[in-house]
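One structure below.
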Amino acid sequence: MSVRNKGKKAALLVAAITVLAVFIGTGAQRRCAAQGGNDYESIELFTDVLAIVKKSYVEEVDTKKLIYGAINGMLTSLDPHSSFMPPEMYKEMKIETKGSFGGLGIEITIKDGLLTVISPIEDTPAFKAGIKAGDQILKIDDKFTKDMTIMDAVKRMRGPKGTKVVLTIFREGLDKPKEFPLVRDVIQVKSVKYKTLDDGFGYVRVAQFQEKTDEDLSKALSALRQDNGGNLRGLVLDLRNDPGGLLDQAVRVSEHFIDEGQLIVYTEGREKESKMRFNSRKGDKESSYPIVVLINSGSASASEIVAGALQDHKRAVIMGTQSFGKGSVQTIIPLSDNSGLRLTTARYYTPSGRSIQAKGITPDITVERMDLPATDKKEGAHLREKDLENHFETADGKEVPTEKKKEEGKLPAYKSDELIKGDYQILRALDLLKGWEIFKKVSKAP
């Protein structure tokens, strides 16, 4: 190749890269101009290598594939959450935020160089198979994940409904890695679920922060009030294994419980547009009933924003285990060929100024997960006076009725709910809410 031809190709490639750079943002361009020749020398080095690969690689290669690979490698070197999305993947990402996508139902990240599960999404193939937060994915089918990017891993795990994929998982406590055969499905994520636990005590589960999470939460709270005579006495807000989602939805969910004008979260970044403060706006607020927020190691990002805001404003007691610790904000930037850029542009901070990056939210009350038997032994396992031989009866020989038996045939909802009965953390949260109410009554007594 002549020097002249080589110069022409280099100029054309520089022009192509410049076109891509326009869509990254004017701020990036201003920095390039300010830094002068060094950036342009680096771009020239890149185009030299590209030209050599195009000319001398053992097989003919597609230029776009090389450019995509270079961009992806550049972003991967920054942090685990910045990534490049080719057109097909970018399209899927936009669908995902609406709550429907194809795959296994796992939120993943790179932690200590290993592909790690942030959390499985409820009612998905991964969740049903027993994949857990903190699991390390060593292989996807026969492909080792060492040095695999998140986007490549996502691409390998997604596929048509009914097709199979095998994940090889290493988990703390296992003697050796374990294979999990999974069948892909269309993942329909229901953002908000709710139910009444006991008279006046509601339960709301937020599985992921999507476009309609705030709207769904409003409907859930309204339905719970209606089911409980117009008022709630307490609420369990379950954010366990919630991998996060949309920042604006985290803010709106927090607004239901935080007074107008109070700070919910703020972000700090290099660009002016990355420095933002989100205060609670006007609107319908929930009454000041007590709240217990449940978190665990699968609670990340947007769910940590909500937990941190409610904790800082002393609006809720946080219960469970340490959260994941993803304290960064990613901005999605569309590019010219319908691909997309997911770029970390800011860190977020709780109202008191805490950054949870790599730290997480520390619960006020630590309660480890414990699997309870399906039968309700919480009441039945303890020895009572009536179980003792020769125990005293009441004057009329009848057992003293408990408050729970006053209404014939009516049991608290959780007594007949197999999922709730086996969930120790929810039961502890409910106990705390009831104890809270009793303590208030006692403290007001003369």
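Among ARG277, ARG240, which is modelled with pLDDT of 95 or more, of a type in the set (Lys, Arg) and under 21 Å from GLU107 (Cβ atoms)? Show your work before the answer.
Working: ARG277 fails: under 21 Å from GLU107 (Cβ atoms).
Going through ARG277, ARG240 in turn, just one is modelled with pLDDT of 95 or more, of a type in the set (Lys, Arg) and under 21 Å from GLU107 (Cβ atoms): ARG240.
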Exercise for the section: Restrict the check to region 130-145 and report whether at least one residue is open to solvent by 20 Å² or more (accessible area, probe 1.4 Å), outside any loop (DSSP other than H, G, I, E, B) and either hydroxyl-bearing (Ser, Thr, Tyr) or within 22 Å of GLN249 (Cβ to Cβ) (or both). Expected result: no
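Quickly run through region 110-126 and pick out the residues that are under 14 Å from the mean Cα position of the chain (by Cα) and either farther than 17 Å from LYS326 by Cβ or not polar (S, T, N, Q) (or both).
Within region 110-126, the first condition is being under 14 Å from the mean Cα position of the chain (by Cα), and the residues that meet it are 116-122.
Of everything in region 110-126, those that are under 14 Å from the mean Cα position of the chain (by Cα) and either farther than 17 Å from LYS326 by Cβ or not polar (S, T, N, Q) (or both) turn out to be VAL117, ILE118, PRO120, ILE121, GLU122.
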Completion exercise
Across (1) out of contact with any Lys or Arg (no Cβ under 7 Å at 6 or more places or on another chain); (2) surrounded by fewer than 21 Cβ atoms within 10 Å (Cβ to Cβ); (3) part of a loop (DSSP other than H, G, I, E, B), ASN241 clears everything bar (2)
Handout entry: Close pairs from region 52-65: first open to solvent by 100 Å² or more (accessible area, probe 1.4 Å), partner of a type outside the set (Lys, Arg), Cβ under 9 Å, at least 6 apart
Key = LYS55/MET1; LYS64/ASP337
Practice task
Say whether the condition of being at pLDDT below 95, of a type outside the set (Val, Ile, Thr), exposed (fewer than 15 other Cβ atoms within 10 Å of the Cβ) and assigned to a loop (DSSP other than H, G, I, E, B) is met by at least one residue in region 307-315.
Solution key: no
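Residue under question is ALA302, and the condition is that it be at pLDDT 95 or above, small (Gly, Ala, Ser), touching a Gly at 6+ places or on another chain (Cβ under 7 Å) and open to solvent by less than 40 Å² (accessible area, probe 1.4 Å); does it hold?
On the way: at pLDDT 95 or above: yes; small (Gly, Ala, Ser): yes; touching a Gly at 6+ places or on another chain (Cβ under 7 Å): yes; open to solvent by less than 40 Å² (accessible area, probe 1.4 Å): yes.
Yes, satisfied.
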Fill in the blank from the handout: For region 147-163, pairs from a residue that is in contact (Cβ under 8 Å) with a residue 40 or more places away in the chain to a residue that is part of a loop (DSSP other than H, G, I, E, B) and of a type in the set (D, E, K, R), with Cβ under 7 Å and 6 or more apart or across chains, are GLY159/ARG184; PRO160/ARG184; LYS161/ARG184
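Does region 3-17 contain any residue that is open to solvent by 30 Å² or more (accessible area, probe 1.4 Å), modelled with pLDDT of 70 or more, among the charged types (D, E, K, R) and in contact with a Lys or Arg (Cβ under 9 Å, 6 or more places away or on another chain)?
Narrowing region 3-17 to residues open to solvent by 30 Å² or more (accessible area, probe 1.4 Å): 3-9, 11-17.
From the residues that got through so far, the ones that are modelled with pLDDT of 70 or more too are none.
No, there is no match, as no residue in region 3-17 is open to solvent by 30 Å² or more (accessible area, probe 1.4 Å), modelled with pLDDT of 70 or more, among the charged types (D, E, K, R) and in contact with a Lys or Arg (Cβ under 9 Å, 6 or more places away or on another chain).
Determine whether region 298-320 contains at least one residue that is among the polar types (S, T, N, Q) and touching a Lys or Arg at 6+ places or on another chain (Cβ under 8 Å). Before the answer, list the steps.
Pass one, region 298-320, residues among the polar types (S, T, N, Q): 299, 301, 303, 311.
Then keep just the ones that are touching a Lys or Arg at 6+ places or on another chain (Cβ under 8 Å); that gives 299, 301.
Yes, region 298-320 contains at least one residue that is among the polar types (S, T, N, Q) and touching a Lys or Arg at 6+ places or on another chain (Cβ under 8 Å).
Counting residues that are open to solvent by less than 90 Å² (accessible area, probe 1.4 Å) and either of a type outside the set (A, V, I, L, M, F, W, C) or at pLDDT below 70 (or both), which strands (runs of 3 or more DSSP E) fully inside region 317-431 reach at least 2?
Working: elements: 317-320, 328-334, 340-349.
It comes to 328-334, 340-349.
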Practice task
Report the residue count in region 150-195 for those that are buried (at least 17 other Cβ atoms within 10 Å of the Cβ) and in a strand (DSSP E or B).
Solution key: 11
Problem - Every residue from region 204-230 that is assigned to a loop (DSSP other than H, G, I, E, B), open to solvent by less than 40 Å² (accessible area, probe 1.4 Å) and either in contact (Cβ under 8 Å) with a residue 40 or more places away in the chain or closer than 19 Å to GLU122 by Cβ (or both) - result: ALA207, GLN208, GLN210
Fill in the blank from the handout: Within region 244-257, residues out of contact with any Lys or Arg (no Cβ under 6 Å at 6 or more places or on another chain), touching a residue at least 24 places away in the same chain (Cβ under 8 Å) and either surrounded by fewer than 17 Cβ atoms within 10 Å (Cβ to Cβ) or in a loop (DSSP other than H, G, I, E, B) (or both) come out as GLY244, LEU246, HIS256
Exercise for the section: Can you tell me which residue within region 117-158, out of those that are at pLDDT below 90 and of a type in the set (Asp, Glu), is farthest from SER83 (Cα to Cα)? Expected result: ASP123
Completion exercise
For region 66-94, pairs from a residue that is farther than 18 Å from ASP112 by Cβ and free of Cβ contacts under 8 Å to residues at least 12 places away in the same chain to a residue that is open to solvent by 40 Å² or more (accessible area, probe 1.4 Å) and not in a loop (DSSP other than H, G, I, E, B), with Cβ under 7 Å and 6 or more apart or across chains, are none
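The values are calculated or read from the model by the stated rules, or taken from the named source; none is laboratory data. Remember, predicted model here, so these are calculated numbers, not experimental data. Glycine gets a Cβ as well: all are built from the backbone with ideal geometry, and neighbour counts include every protein chain shown. Please note that ligands, DNA and RNA were not included when accessible areas were found on the heavy atoms of the full protein model with its side chains. Shrake-Rupley method; radii C 1.70, N 1.55, O 1.52, S 1.80 Å.
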